[in-house]
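What follows is one structure encoded as structure tokens, with my remarks underneath.
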Amino acid sequence: MTTEDKKIITALKKASTHSLKVVKMVEEGAYCIDIMQQNLAAIGLLRSANNQLMERHLHSCFANAMRGTNEKRKKEMIEELLKIEKLAQ
């Protein structure tokens, strides 16, 4: 496992912990602003993990495909990125 993988996993685990805390806070009737702060913390960690995954993908899988000669694969890789970008909005 790379250092990069460890950072991604750490962010995902922290987001999971925050999400569980949000659920507990809602169940216990905590103050709305406090719940939203925890929720935003989880969202931020998930965004961070997603950005790290995208960066890794661009530097590895995507870069390798673009260096290749398979035009169909290049087009597929670009379409995948566009699809992910739309989902991220």
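No value in this document is a laboratory result; all are computed from the given coordinates. Bear in mind the structure is a predicted one, so any value in this text is a computation, not a measurement. Note that we place each Cβ from the backbone using ideal geometry, even for glycine, and neighbour counts take in every protein chain shown.
The share of Cα pairs per 5 Å bin across region 3-88, counted from zero up to the longest distance, runs 3, 14, 17, 15, 14, 12, 10, 6, 5, 3, 1, 0 percent. Each Lys and Arg contributes +1 and each Asp and Glu -1, all at the Cβ; summed about the Cα centre of the chain, the dipole is approximately 300 debye. Spacing of the modelled spin labels on T69 and K83, each 7 Å from Cα toward Cβ, amounts to 2.7 nm. Using C-alpha pairs under 8 Å with a sequence gap of at least 6, the mean separation divided by the residue count of the chain gives a relative contact order of 29 percent. For K83, a cut-off of 17 angstrom between C-alpha atoms picks up these aspartates and glutamates, skipping any fewer than 8 places away in its own chain: E55. Here's the list of aspartates and glutamates a cross-link from K21 could span, going by alpha-carbon distance under 19 Å and ignoring same-chain residues fewer than 8 apart: D34. Over the chain, DSSP H runs of length four or greater, each weighted -39,500 (n - 2.57), average out per residue to a 222 nm ellipticity of -28500 deg cm²/dmol.
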